[in-house]
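S.K.: Got a structure here, written out as C-alpha coordinates. Questions coming.
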Amino acid sequence: MPHDQAKRAQISVCGLGYIGLPTASLFAARGFCVTGVDVVPAVVDTINRGEIHIEEPYLDVLVRSVVQSGQLKASLTPVGADVFIIAVPTPFVGDHQPELKYVEAATRALAAVLKPGDLVILESTSPVGTTELVAQWIAQTRPDLRVPAAGATLPAACAERIYVAHCPERVLPGKILKELAENERIIGGVDRVSAERARDLYAHVVTGAIHLTDARTAEMCKLVENSSRDVAIAFANELSMLCAELDVNVWELIKLANCHPRVNILQPGPGVGGHCIAVDPWFLISACPEQARLIRAAREVNHAKPQWVLARIREQAAGFRNPVIACLGLAFKPNVDDLRESPAVEIVRQLAREQAGRLLAVEPFVAELPAELAEAGVCLCDFTAAVKAADIVVMLVDHDAFKRAERAQLAGKVLIDTRGVWQ
Ligand code: SAJ
(Lines give C-alpha, C1' and ligand atoms only; values in the text may rest on other atoms or scores of the structure.)
Protein backbone atom coordinates (compact mmCIF):
# COMPACT_ATOMS: atom_id res chain seq x y z
CA MET A 1 0.00 0.00 0.00
CA PRO A 2 1.61 3.33 -0.93
CA HIS A 3 2.15 5.66 2.02
CA ASP A 4 -0.52 8.26 1.27
CA GLN A 5 -3.08 5.67 0.27
CA ALA A 6 -2.49 3.80 3.55
CA LYS A 7 -3.03 6.96 5.54
CA ARG A 8 -6.39 7.44 3.92
CA ALA A 9 -7.23 3.81 4.82
CA GLN A 10 -9.94 3.54 7.44
CA ILE A 11 -9.09 1.29 10.36
CA SER A 12 -11.59 -0.17 12.77
CA VAL A 13 -10.24 -1.55 16.06
CA CYS A 14 -12.67 -3.88 17.86
CA GLY A 15 -12.07 -3.87 21.61
CA LEU A 16 -10.68 -0.75 23.31
CA GLY A 17 -8.81 -2.29 26.23
CA TYR A 18 -5.14 -2.48 27.15
CA ILE A 19 -4.14 -3.49 23.62
CA GLY A 20 -6.90 -2.13 21.39
CA LEU A 21 -6.86 1.46 22.67
CA PRO A 22 -3.07 1.96 22.42
CA THR A 23 -3.09 0.27 18.99
CA ALA A 24 -5.95 2.44 17.73
CA SER A 25 -4.23 5.56 19.08
CA LEU A 26 -0.90 4.71 17.51
CA PHE A 27 -2.43 4.21 14.05
CA ALA A 28 -4.41 7.43 14.51
CA ALA A 29 -1.26 9.31 15.51
CA ARG A 30 0.38 8.12 12.28
CA GLY A 31 -2.40 9.71 10.23
CA PHE A 32 -4.90 6.88 9.75
CA CYS A 33 -8.62 7.47 10.31
CA VAL A 34 -9.45 5.12 13.13
CA THR A 35 -12.76 4.07 14.66
CA GLY A 36 -12.52 2.19 17.91
CA VAL A 37 -15.44 -0.12 18.64
CA ASP A 38 -16.36 -1.30 22.12
CA VAL A 39 -19.52 -2.86 23.54
CA VAL A 40 -19.31 -0.87 26.80
CA PRO A 41 -21.04 2.54 26.45
CA ALA A 42 -18.98 4.13 29.25
CA VAL A 43 -15.75 3.21 27.45
CA VAL A 44 -16.97 4.72 24.18
CA ASP A 45 -18.12 7.92 25.94
CA THR A 46 -14.88 8.28 27.88
CA ILE A 47 -12.72 7.96 24.77
CA ASN A 48 -14.92 10.33 22.77
CA ARG A 49 -14.31 12.91 25.52
CA GLY A 50 -10.58 12.43 24.90
CA GLU A 51 -10.12 10.58 28.19
CA ILE A 52 -9.05 7.04 29.02
CA HIS A 53 -10.46 4.28 31.22
CA ILE A 54 -7.23 2.30 31.72
CA GLU A 55 -3.87 3.07 33.28
CA GLU A 56 -0.86 3.16 31.00
CA PRO A 57 1.94 5.75 30.93
CA TYR A 58 1.54 8.48 28.25
CA LEU A 59 -1.66 6.94 26.83
CA ASP A 60 -3.84 9.77 28.21
CA VAL A 61 -1.85 12.40 26.32
CA LEU A 62 -1.89 10.40 23.08
CA VAL A 63 -5.63 9.66 23.20
CA ARG A 64 -6.49 13.28 23.99
CA SER A 65 -4.45 14.43 21.03
CA VAL A 66 -5.84 11.98 18.43
CA VAL A 67 -9.44 12.46 19.59
CA GLN A 68 -9.07 16.24 19.45
CA SER A 69 -7.56 16.04 15.95
CA GLY A 70 -10.47 13.83 14.82
CA GLN A 71 -8.21 10.88 13.85
CA LEU A 72 -9.76 8.61 16.51
CA LYS A 73 -13.45 8.17 17.25
CA ALA A 74 -15.15 5.52 19.36
CA SER A 75 -18.37 3.74 18.48
CA LEU A 76 -20.66 1.10 19.98
CA THR A 77 -21.24 -0.58 16.63
CA PRO A 78 -18.90 -1.52 13.79
CA VAL A 79 -18.68 0.92 10.92
CA GLY A 80 -17.26 0.21 7.47
CA ALA A 81 -13.46 0.35 7.15
CA ASP A 82 -10.64 -1.06 5.04
CA VAL A 83 -8.87 -2.80 7.91
CA PHE A 84 -10.41 -4.43 11.00
CA ILE A 85 -8.21 -5.21 14.01
CA ILE A 86 -9.72 -7.50 16.64
CA ALA A 87 -8.30 -6.92 20.14
CA VAL A 88 -10.88 -8.43 22.48
CA PRO A 89 -10.24 -10.59 25.56
CA THR A 90 -9.52 -14.32 25.26
CA PRO A 91 -9.79 -15.58 28.85
CA PHE A 92 -10.26 -19.18 29.91
CA VAL A 93 -13.36 -20.66 31.51
CA GLY A 94 -14.17 -23.76 33.57
CA ASP A 95 -11.27 -26.18 33.65
CA HIS A 96 -8.97 -23.79 31.73
CA GLN A 97 -10.77 -24.04 28.40
CA PRO A 98 -10.25 -21.05 26.08
CA GLU A 99 -13.23 -18.74 25.81
CA LEU A 100 -13.56 -17.51 22.22
CA LYS A 101 -17.04 -16.00 22.44
CA TYR A 102 -15.72 -12.42 22.41
CA VAL A 103 -13.63 -13.08 19.29
CA GLU A 104 -16.60 -14.76 17.61
CA ALA A 105 -19.00 -11.93 18.52
CA ALA A 106 -16.55 -9.27 17.29
CA THR A 107 -15.92 -11.20 14.07
CA ARG A 108 -19.59 -11.72 13.27
CA ALA A 109 -20.35 -8.07 14.05
CA LEU A 110 -17.62 -6.72 11.76
CA ALA A 111 -18.44 -9.28 9.05
CA ALA A 112 -21.71 -7.45 8.50
CA VAL A 113 -19.86 -4.35 7.26
CA LEU A 114 -17.02 -6.06 5.34
CA LYS A 115 -16.51 -5.28 1.67
CA PRO A 116 -14.28 -7.00 -0.89
CA GLY A 117 -10.59 -6.16 -0.43
CA ASP A 118 -10.84 -5.60 3.35
CA LEU A 119 -8.23 -6.96 5.74
CA VAL A 120 -9.17 -8.58 9.07
CA ILE A 121 -6.41 -8.93 11.66
CA LEU A 122 -6.74 -10.87 14.91
CA GLU A 123 -4.44 -9.36 17.57
CA SER A 124 -5.91 -11.11 20.63
CA THR A 125 -3.71 -13.85 22.07
CA SER A 126 -5.48 -16.97 20.83
CA PRO A 127 -5.37 -20.78 20.80
CA VAL A 128 -3.85 -22.33 17.69
CA GLY A 129 -6.46 -22.44 14.92
CA THR A 130 -8.44 -19.36 16.02
CA THR A 131 -7.53 -17.20 13.00
CA GLU A 132 -8.79 -19.97 10.71
CA LEU A 133 -12.00 -19.97 12.78
CA VAL A 134 -12.27 -16.20 12.28
CA ALA A 135 -12.10 -16.82 8.52
CA GLN A 136 -14.77 -19.51 8.80
CA TRP A 137 -17.09 -17.29 10.87
CA ILE A 138 -16.74 -14.56 8.23
CA ALA A 139 -17.43 -17.07 5.45
CA GLN A 140 -20.59 -18.26 7.27
CA THR A 141 -21.82 -14.72 7.90
CA ARG A 142 -20.95 -13.39 4.46
CA PRO A 143 -21.29 -16.13 1.81
CA ASP A 144 -21.01 -13.40 -0.86
CA LEU A 145 -17.33 -12.85 0.00
CA ARG A 146 -14.38 -15.11 -0.93
CA VAL A 147 -12.61 -15.87 2.33
CA PRO A 148 -9.15 -17.48 2.46
CA ALA A 149 -8.86 -20.91 4.06
CA ALA A 150 -5.72 -22.71 5.24
CA GLY A 151 -4.17 -24.77 2.45
CA ALA A 152 -6.50 -23.42 -0.25
CA THR A 153 -5.24 -20.96 -2.83
CA LEU A 154 -7.29 -17.84 -3.32
CA PRO A 155 -5.81 -15.54 -5.97
CA ALA A 156 -4.65 -12.16 -4.67
CA ALA A 157 -6.39 -10.53 -7.59
CA CYS A 158 -9.78 -12.17 -6.88
CA ALA A 159 -12.19 -9.22 -6.78
CA GLU A 160 -14.52 -10.55 -4.07
CA ARG A 161 -11.84 -11.74 -1.69
CA ILE A 162 -10.91 -10.50 1.76
CA TYR A 163 -7.69 -11.04 3.73
CA VAL A 164 -7.32 -12.61 7.20
CA ALA A 165 -4.19 -12.61 9.35
CA HIS A 166 -3.00 -12.93 12.95
CA CYS A 167 -0.62 -10.38 14.43
CA PRO A 168 -0.28 -11.11 18.14
CA GLU A 169 0.48 -8.23 20.46
CA ARG A 170 3.67 -8.70 22.50
CA VAL A 171 3.86 -5.50 24.53
CA LEU A 172 4.79 -5.19 28.18
CA PRO A 173 2.21 -3.44 30.40
CA GLY A 174 3.80 -0.22 31.62
CA LYS A 175 5.76 0.17 28.36
CA ILE A 176 2.96 -0.45 25.88
CA LEU A 177 3.39 2.59 23.62
CA LYS A 178 7.15 2.19 23.32
CA GLU A 179 6.94 -1.56 22.69
CA LEU A 180 4.02 -1.24 20.24
CA ALA A 181 6.20 0.93 18.05
CA GLU A 182 9.56 -0.76 18.57
CA ASN A 183 9.02 -4.50 19.12
CA GLU A 184 9.50 -6.97 16.32
CA ARG A 185 6.20 -8.42 15.12
CA ILE A 186 5.15 -11.87 13.95
CA ILE A 187 2.42 -11.90 11.31
CA GLY A 188 0.73 -15.11 10.24
CA GLY A 189 -1.66 -15.14 7.32
CA VAL A 190 -4.43 -17.61 6.66
CA ASP A 191 -2.77 -17.35 3.25
CA ARG A 192 0.48 -15.67 2.27
CA VAL A 193 -1.02 -12.62 0.61
CA SER A 194 -3.04 -11.90 3.76
CA ALA A 195 0.21 -11.85 5.78
CA GLU A 196 1.79 -9.53 3.22
CA ARG A 197 -1.15 -7.12 3.37
CA ALA A 198 -0.96 -7.03 7.17
CA ARG A 199 2.81 -6.46 7.03
CA ASP A 200 2.33 -3.47 4.72
CA LEU A 201 -0.06 -1.96 7.23
CA TYR A 202 2.04 -2.50 10.38
CA ALA A 203 5.14 -1.22 8.57
CA HIS A 204 3.59 2.27 8.96
CA VAL A 205 3.70 2.12 12.76
CA VAL A 206 6.34 -0.48 13.71
CA THR A 207 10.06 0.14 13.57
CA GLY A 208 11.03 -3.41 14.64
CA ALA A 209 11.44 -6.19 12.07
CA ILE A 210 8.24 -7.87 10.85
CA HIS A 211 8.40 -11.63 10.32
CA LEU A 212 5.86 -13.43 8.13
CA THR A 213 4.57 -16.95 8.69
CA ASP A 214 1.28 -18.84 8.67
CA ALA A 215 -1.50 -18.06 11.15
CA ARG A 216 -1.07 -21.22 13.26
CA THR A 217 2.65 -20.60 13.79
CA ALA A 218 2.01 -16.96 14.72
CA GLU A 219 -0.64 -18.03 17.25
CA MET A 220 1.62 -20.64 18.77
CA CYS A 221 4.59 -18.27 18.80
CA LYS A 222 2.78 -15.87 21.14
CA LEU A 223 1.67 -18.72 23.43
CA VAL A 224 5.18 -20.13 23.50
CA GLU A 225 6.76 -16.78 24.36
CA ASN A 226 4.63 -16.43 27.48
CA SER A 227 4.87 -20.14 28.36
CA SER A 228 8.63 -19.91 28.11
CA ARG A 229 8.64 -17.04 30.60
CA ASP A 230 6.22 -18.93 32.87
CA VAL A 231 8.49 -22.00 32.88
CA ALA A 232 11.56 -19.83 33.59
CA ILE A 233 9.81 -18.05 36.49
CA ALA A 234 8.58 -21.41 37.84
CA PHE A 235 12.17 -22.63 37.94
CA ALA A 236 13.13 -19.58 40.04
CA ASN A 237 10.08 -20.03 42.28
CA GLU A 238 10.86 -23.72 42.77
CA LEU A 239 14.45 -22.82 43.71
CA SER A 240 13.16 -20.41 46.36
CA MET A 241 11.20 -23.24 47.96
CA LEU A 242 14.12 -25.68 47.76
CA CYS A 243 16.43 -23.08 49.27
CA ALA A 244 14.08 -22.53 52.22
CA GLU A 245 14.27 -26.27 52.95
CA LEU A 246 18.05 -26.42 52.51
CA ASP A 247 18.85 -23.17 54.36
CA VAL A 248 20.44 -21.47 51.36
CA ASN A 249 19.92 -17.83 50.37
CA VAL A 250 18.14 -18.13 47.01
CA TRP A 251 19.06 -14.61 45.87
CA GLU A 252 22.76 -15.16 46.41
CA LEU A 253 22.47 -18.60 44.81
CA ILE A 254 20.85 -17.22 41.65
CA LYS A 255 23.33 -14.35 41.41
CA LEU A 256 26.23 -16.79 41.60
CA ALA A 257 24.70 -19.32 39.18
CA ASN A 258 24.05 -16.50 36.70
CA CYS A 259 27.82 -15.80 36.60
CA HIS A 260 27.98 -18.85 34.35
CA PRO A 261 27.98 -17.65 30.73
CA ARG A 262 25.09 -19.91 29.71
CA VAL A 263 22.87 -19.67 32.80
CA ASN A 264 20.22 -16.96 33.20
CA ILE A 265 17.83 -17.77 36.04
CA LEU A 266 14.95 -15.32 36.61
CA GLN A 267 13.82 -13.98 39.98
CA PRO A 268 11.45 -15.74 42.40
CA GLY A 269 8.41 -13.81 43.57
CA PRO A 270 5.10 -14.30 45.39
CA GLY A 271 3.56 -15.84 42.24
CA VAL A 272 2.88 -14.87 38.64
CA GLY A 273 0.29 -12.20 38.00
CA GLY A 274 -1.18 -10.25 35.11
CA HIS A 275 -3.57 -11.34 32.39
CA CYS A 276 -1.10 -13.05 30.11
CA ILE A 277 1.56 -15.32 31.53
CA ALA A 278 -0.81 -17.04 33.94
CA VAL A 279 -3.38 -17.59 31.16
CA ASP A 280 -1.68 -18.27 27.85
CA PRO A 281 0.08 -21.54 28.80
CA TRP A 282 -3.37 -23.05 29.37
CA PHE A 283 -4.15 -22.59 25.66
CA LEU A 284 -1.34 -25.04 24.93
CA ILE A 285 -2.08 -27.35 27.87
CA SER A 286 -5.79 -27.63 27.05
CA ALA A 287 -5.01 -28.34 23.38
CA CYS A 288 -2.36 -31.00 24.11
CA PRO A 289 -2.80 -32.22 27.72
CA GLU A 290 -0.75 -35.38 27.15
CA GLN A 291 2.24 -33.57 25.69
CA ALA A 292 2.35 -30.26 27.60
CA ARG A 293 3.61 -31.79 30.86
CA LEU A 294 6.42 -29.36 31.64
CA ILE A 295 4.27 -26.33 30.80
CA ARG A 296 1.52 -27.62 33.11
CA ALA A 297 3.97 -28.36 35.94
CA ALA A 298 5.39 -24.82 35.67
CA ARG A 299 1.92 -23.32 35.74
CA GLU A 300 1.07 -25.35 38.84
CA VAL A 301 4.29 -24.28 40.61
CA ASN A 302 3.60 -20.59 39.92
CA HIS A 303 -0.09 -20.90 40.76
CA ALA A 304 0.77 -22.45 44.13
CA LYS A 305 3.45 -19.93 45.11
CA PRO A 306 1.11 -17.48 46.93
CA GLN A 307 0.00 -20.34 49.20
CA TRP A 308 3.62 -21.05 50.07
CA VAL A 309 4.14 -17.38 50.95
CA LEU A 310 0.97 -17.41 53.05
CA ALA A 311 2.28 -20.42 55.00
CA ARG A 312 5.51 -18.46 55.78
CA ILE A 313 3.46 -15.48 57.01
CA ARG A 314 1.24 -17.70 59.17
CA GLU A 315 4.29 -19.31 60.77
CA GLN A 316 5.62 -15.92 61.80
CA ALA A 317 2.24 -14.52 62.81
CA ALA A 318 1.81 -17.45 65.22
CA GLY A 319 4.60 -15.91 67.34
CA PHE A 320 2.48 -12.82 68.15
CA ARG A 321 -0.73 -12.51 70.12
CA ASN A 322 -2.21 -9.74 67.92
CA PRO A 323 0.18 -9.46 64.99
CA VAL A 324 0.32 -6.29 62.92
CA ILE A 325 1.34 -7.24 59.38
CA ALA A 326 2.55 -4.63 56.87
CA CYS A 327 2.20 -5.85 53.27
CA LEU A 328 4.40 -3.86 50.89
CA GLY A 329 2.94 -3.70 47.39
CA LEU A 330 -0.31 -4.87 45.80
CA ALA A 331 0.45 -4.50 42.07
CA PHE A 332 1.07 -7.56 39.92
CA LYS A 333 4.64 -6.46 39.28
CA PRO A 334 6.98 -3.60 40.22
CA ASN A 335 6.42 0.04 39.26
CA VAL A 336 2.96 -0.38 37.74
CA ASP A 337 -0.43 0.52 39.23
CA ASP A 338 -2.11 -2.57 37.82
CA LEU A 339 -3.66 -4.74 40.55
CA ARG A 340 -5.34 -7.17 38.17
CA GLU A 341 -4.63 -10.86 38.82
CA SER A 342 -2.02 -9.86 41.37
CA PRO A 343 -0.56 -12.52 43.67
CA ALA A 344 0.06 -9.76 46.24
CA VAL A 345 -3.68 -8.96 46.32
CA GLU A 346 -4.44 -12.68 46.58
CA ILE A 347 -2.14 -12.99 49.60
CA VAL A 348 -3.56 -9.93 51.41
CA ARG A 349 -7.13 -11.04 50.63
CA GLN A 350 -6.47 -14.47 52.13
CA LEU A 351 -4.79 -12.99 55.24
CA ALA A 352 -7.85 -10.79 55.74
CA ARG A 353 -10.18 -13.74 55.28
CA GLU A 354 -8.27 -15.71 57.90
CA GLN A 355 -8.14 -12.69 60.24
CA ALA A 356 -4.42 -13.31 60.50
CA GLY A 357 -3.82 -9.98 62.22
CA ARG A 358 -4.15 -6.25 61.69
CA LEU A 359 -3.33 -5.71 58.04
CA LEU A 360 -1.64 -2.57 56.72
CA ALA A 361 -1.19 -2.42 52.95
CA VAL A 362 1.29 -0.06 51.32
CA GLU A 363 0.80 0.64 47.62
CA PRO A 364 2.16 4.00 46.44
CA PHE A 365 0.58 3.51 43.00
CA VAL A 366 -3.05 3.58 44.17
CA ALA A 367 -5.10 6.20 46.01
CA GLU A 368 -7.55 3.71 47.47
CA LEU A 369 -7.74 0.00 48.15
CA PRO A 370 -9.84 -2.39 46.06
CA ALA A 371 -13.25 -2.53 47.74
CA GLU A 372 -12.90 -6.18 48.74
CA LEU A 373 -9.75 -5.40 50.78
CA ALA A 374 -11.12 -2.19 52.32
CA GLU A 375 -14.34 -3.98 53.31
CA ALA A 376 -12.30 -6.78 54.86
CA GLY A 377 -10.65 -4.25 57.20
CA VAL A 378 -7.29 -3.80 55.43
CA CYS A 379 -5.88 -0.26 55.87
CA LEU A 380 -3.98 1.60 53.16
CA CYS A 381 -0.95 3.25 54.79
CA ASP A 382 2.23 4.99 53.78
CA PHE A 383 5.47 3.05 54.08
CA THR A 384 6.81 4.72 57.22
CA ALA A 385 3.59 4.48 59.22
CA ALA A 386 2.99 0.87 58.22
CA VAL A 387 6.50 -0.31 59.00
CA LYS A 388 6.57 1.56 62.31
CA ALA A 389 3.36 -0.10 63.47
CA ALA A 390 4.17 -3.57 62.14
CA ASP A 391 5.47 -6.67 63.87
CA ILE A 392 5.89 -8.44 60.53
CA VAL A 393 6.80 -6.73 57.25
CA VAL A 394 6.13 -8.67 54.04
CA MET A 395 7.75 -7.44 50.81
CA LEU A 396 5.35 -8.44 48.03
CA VAL A 397 6.24 -6.08 45.17
CA ASP A 398 9.71 -4.64 44.60
CA HIS A 399 8.64 -1.11 43.65
CA ASP A 400 11.65 1.20 43.35
CA ALA A 401 10.18 3.36 46.15
CA PHE A 402 10.47 0.40 48.56
CA LYS A 403 14.03 -0.33 47.48
CA ARG A 404 15.02 3.26 48.30
CA ALA A 405 13.43 3.19 51.76
CA GLU A 406 15.67 3.65 54.76
CA ARG A 407 16.65 0.18 56.06
CA ALA A 408 16.97 1.38 59.67
CA GLN A 409 13.15 1.60 59.83
CA LEU A 410 13.04 -2.19 59.59
CA ALA A 411 15.18 -2.85 62.64
CA GLY A 412 13.54 -5.29 65.04
CA LYS A 413 10.81 -6.34 62.59
CA VAL A 414 10.20 -9.85 61.34
CA LEU A 415 10.90 -9.61 57.60
CA ILE A 416 9.45 -11.85 54.91
CA ASP A 417 10.94 -10.89 51.58
CA THR A 418 9.36 -12.55 48.54
CA ARG A 419 11.32 -10.39 46.07
CA GLY A 420 14.90 -10.33 47.38
CA VAL A 421 14.95 -6.60 48.13
CA TRP A 422 16.52 -6.93 51.58
CA GLN A 423 18.99 -9.73 50.84
N1 SAJ B 1 7.87 -12.25 37.42
C2 SAJ B 1 8.59 -12.94 38.40
N3 SAJ B 1 9.93 -13.11 38.22
C4 SAJ B 1 10.59 -12.62 37.12
C5 SAJ B 1 9.85 -11.95 36.12
C6 SAJ B 1 8.49 -11.77 36.30
O7 SAJ B 1 8.04 -13.40 39.40
O8 SAJ B 1 11.83 -12.81 37.07
C9 SAJ B 1 6.42 -12.06 37.58
C10 SAJ B 1 5.99 -10.58 37.66
O11 SAJ B 1 6.16 -10.08 38.97
C12 SAJ B 1 4.54 -10.66 37.24
C13 SAJ B 1 4.54 -11.81 36.22
O14 SAJ B 1 5.75 -12.53 36.42
O15 SAJ B 1 3.71 -11.04 38.33
C16 SAJ B 1 4.45 -11.38 34.77
O17 SAJ B 1 5.24 -10.22 34.55
P18 SAJ B 1 6.12 -10.01 33.25
O19 SAJ B 1 6.81 -8.71 33.37
O20 SAJ B 1 7.00 -11.20 33.04
O21 SAJ B 1 5.09 -10.05 32.05
P22 SAJ B 1 3.71 -9.29 31.70
O23 SAJ B 1 2.57 -10.18 32.10
O24 SAJ B 1 3.69 -7.90 32.20
O25 SAJ B 1 3.83 -9.24 30.08
C26 SAJ B 1 4.05 -10.45 29.37
C27 SAJ B 1 5.23 -10.20 28.38
N28 SAJ B 1 5.68 -11.48 27.85
C29 SAJ B 1 6.99 -11.83 27.84
O30 SAJ B 1 7.86 -11.15 28.36
C31 SAJ B 1 7.35 -13.12 27.17
C32 SAJ B 1 4.79 -9.25 27.27
O33 SAJ B 1 5.81 -9.12 26.29
C34 SAJ B 1 3.50 -9.78 26.61
O35 SAJ B 1 3.06 -8.93 25.56
C36 SAJ B 1 2.42 -9.81 27.68
O37 SAJ B 1 2.85 -10.78 28.67
C38 SAJ B 1 1.12 -10.23 27.01
O39 SAJ B 1 0.29 -9.35 26.78
O40 SAJ B 1 0.97 -11.40 26.64
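S.K.: Tell me, what % of the accessible area of the chain is carbon and sulfur with a 1.4 angstrom probe?
M.R.: The C+S portion of the solvent-accessible surface of the chain is 54 percent.
S.K.: If I take R0 = 30 Å and measure r between the Cβ atoms of GLU55 and GLN10 in this structure, what FRET efficiency does the formula 1/(1 + (r/R0)^6) give, to the nearest 0.05? Don't skip to the end; give the middle numbers.
M.R.: Values: r = 29 Å, r/R0 = 0.96.
For GLU55 and GLN10, the calculated efficiency is 0.55.
S.K.: Rounded, prolate or oblate for the stretch 245-390? Axes are the square roots of the Cα gyration tensor eigenvalues, ordered a ≥ b ≥ c, and the cut-off for rounded is a/c under 1.5.
M.R.: Values: a/c = 1.87, a/b = 1.48, b/c = 1.26.
Prolate, since a/c reaches 1.5 and a/b exceeds b/c.
S.K.: Pairwise over distinct Cα atoms, reciprocal of the mean inverse distance: report the Kirkwood radius of the stretch 105-259 in Å, one decimal place.
M.R.: Details: mean 1/r = 0.0565 Å⁻¹.
Roughly 17.7 Å, rounded to one decimal.
S.K.: Mean shadow of the stretch 222-326, computed from the convex hull of its alpha carbons, in nm²? All intermediate terms of the calculation are to be shown ahead of the outcome.
M.R.: On the way: hull surface 34.8 nm².
Answer in nm², one decimal: 8.7.
S.K.: With a length cut of 30 Å (Cα positions projected on each helix's long axis) and a Kyte-Doolittle mean of at least -0.5, go through the chain and give me the DSSP H helices that pass.
M.R.: Working: long enough: 215-246 (46 Å, 0.31); 293-317 (36 Å, -0.62).
Membrane-span-like by this rule: 215-246.
S.K.: Then there is this: For n ≥ 4 DSSP H runs only, could you compute -39500 (n - 2.57) per run for the chain, divide by its residues and tell me the 222 nm figure to the nearest 500?
M.R.: Numbers: 16 runs with 177 residues, N = 423.
Only helices count here, giving -12500 deg cm²/dmol.
S.K.: What translational diffusion coefficient, in µm²/s and rounded to a whole number, does the Stokes-Einstein relation yield for the stretch 286-372 at 20 °C and a viscosity of 1.002 mPa s, taking the hydrodynamic radius as the Kirkwood radius over Cα pairs?
M.R.: On the way: Rh = 14.7 Å.
Stokes-Einstein gives a translational diffusion coefficient of 146 µm²/s.
S.K.: Same structure, new question: log₁₀ I(q)/I(0) of the chain at q = 0.09 Å⁻¹, via Debye over equal Cα point scatterers, no solvent, to two decimals?
M.R.: With no solvent term, the Cα-only Debye profile gives -0.63.
S.K.: Also: Going by amide H atoms built from the backbone, whose H comes under 5 Å of the H on ILE85, apart from near neighbours?
M.R.: Placed amide hydrogens put SER12, VAL13, CYS14, ILE121 under 5 Å from ILE85.
S.K.: Still on this structure: Please list the non-local residues whose amide H lies under 5 Å from the amide H of ALA361, H modeled 1.01 Å from N, same-chain partners needing a gap of 5 or more.
M.R.: So ALA361 has HN proximity to CYS327, CYS379, LEU380, CYS381.
S.K.: Considering every pair of different Cα atoms, what Kirkwood radius, in Å, is found for the stretch 16-89?
M.R.: On the way: mean 1/r = 0.0838 Å⁻¹.
Final number for the Kirkwood radius of the stretch 16-89 is 11.9 Å.
S.K.: I need the phi-derived Karplus couplings for the stretch 415-422: 6.51 cos²θ - 1.76 cosθ + 1.60, θ = phi - 60°, integer Hz, Gly and Pro marked x.
M.R.: 10, 10, 10, 7, 10, x, 6, 9
S.K.: Here is a follow-up. Under 15 Å from the Cβ of ARG296, count the other residues' Cβ atoms, weight Lys and Arg +1, Asp and Glu -1, and hand me the total. Walk me through the numbers before you get to the answer.
M.R.: Values: positive: ARG293, ARG299; negative: ASP95, ASP230, GLU238, ASP280, GLU290, GLU300.
Cβ neighbours under 15 Å give a net charge of -4.
S.K.: Here is a follow-up. Can you check what the net charge comes to around GLY319, using other residues whose Cβ is under 13 Å from the Cβ of GLY319 (Lys, Arg +1; Asp, Glu -1)?
M.R.: Details: positive: ARG312, ARG314, ARG321, LYS413; negative: GLU315, ASP391.
Charge balance near GLY319 sits at +2.
S.K.: Each residue of the stretch 333-339 in order: what ³J(HN,Hα) in whole Hz does its phi give by Karplus 6.51 cos²θ - 1.76 cosθ + 1.60, θ = phi - 60°, with x for Gly and Pro?
M.R.: Here the 3J(HN,Hα) series is 7, x, 6, 10, 9, 8, 9 Hz.
S.K.: Work out the length of the dipole vector of the stretch 235-342 about its Cα centre, built from +1 on the beta-carbon of each Lys and Arg and -1 on the beta-carbon of each Asp and Glu, and round it to the nearest 20 debye. Let's see the in-between values first.
M.R.: Details: 11 positive and 11 negative charges, 12 e Å.
Dipole magnitude for the stretch 235-342 comes out near 60 debye.
S.K.: Here's another thing I want to ask about it. Given the Cα atoms of the stretch 248-301, and with Rh set as the inverse mean 1/r over their pairs in the Kirkwood sense, what is Rg to Rh to two decimals? Don't skip to the end; give the middle numbers.
M.R.: Details: Rg = 14.4 Å, Rh = 13.3 Å.
Here the Rg-to-Rh quotient is 1.09.
S.K.: Suppose every Lys and Arg Cβ carries +1 and every Asp and Glu Cβ carries -1, with no other charges. What dipole size does the stretch 186-286 come out with about its Cα centre, to the nearest 20 debye?
M.R.: Details: 8 positive and 12 negative charges, 66 e Å.
So the dipole magnitude of the stretch 186-286 works out to roughly 320 debye.
S.K.: Antiparallel as a % of all DSSP beta bridges within the chain, to the nearest 5? Intermediate values should be presented prior to the final figure.
M.R.: Numbers: 4 of 46 bridges.
Bridges in the chain are about 10 percent antiparallel.
S.K.: OK, next. Past the 27 Å Cα-Cα mark, which pairs from LYS101/LYS175; LYS178/LYS403; LYS115/LYS175; LYS255/LYS305?
M.R.: Working: LYS101/LYS175 29 Å; LYS178/LYS403 25 Å; LYS115/LYS175 35 Å; LYS255/LYS305 21 Å.
Result: LYS101/LYS175; LYS115/LYS175 exceed 27 Å.
S.K.: Stokes-Einstein at 20 °C, 1.002 mPa s, Kirkwood radius from Cα pairs: D for the stretch 1-146 in µm² s⁻¹? Walk me through the intermediate numbers first.
M.R.: Values: Rh = 15.6 Å.
The Stokes-Einstein estimate is 137 µm²/s.
S.K.: Whose amide H sits under 5 Å from the amide H of ARG340, counting only residues 5 or more places off or on another chain, with H placed in the peptide plane?
M.R.: The list, which skips near neighbours in sequence, is PHE332.
The values are calculated or read from the model by the stated rules, or taken from the named source; none is laboratory data. Quick caveat, the model's predicted, so the values are computed rather than measured. Cβ sites come from the backbone with ideal geometry, for glycine too, and all protein chains shown count toward neighbours. Areas reflect the complete protein model, heavy atoms only, side chains present, ligands, DNA and RNA absent. Shrake-Rupley method; radii C 1.70, N 1.55, O 1.52, S 1.80 Å.
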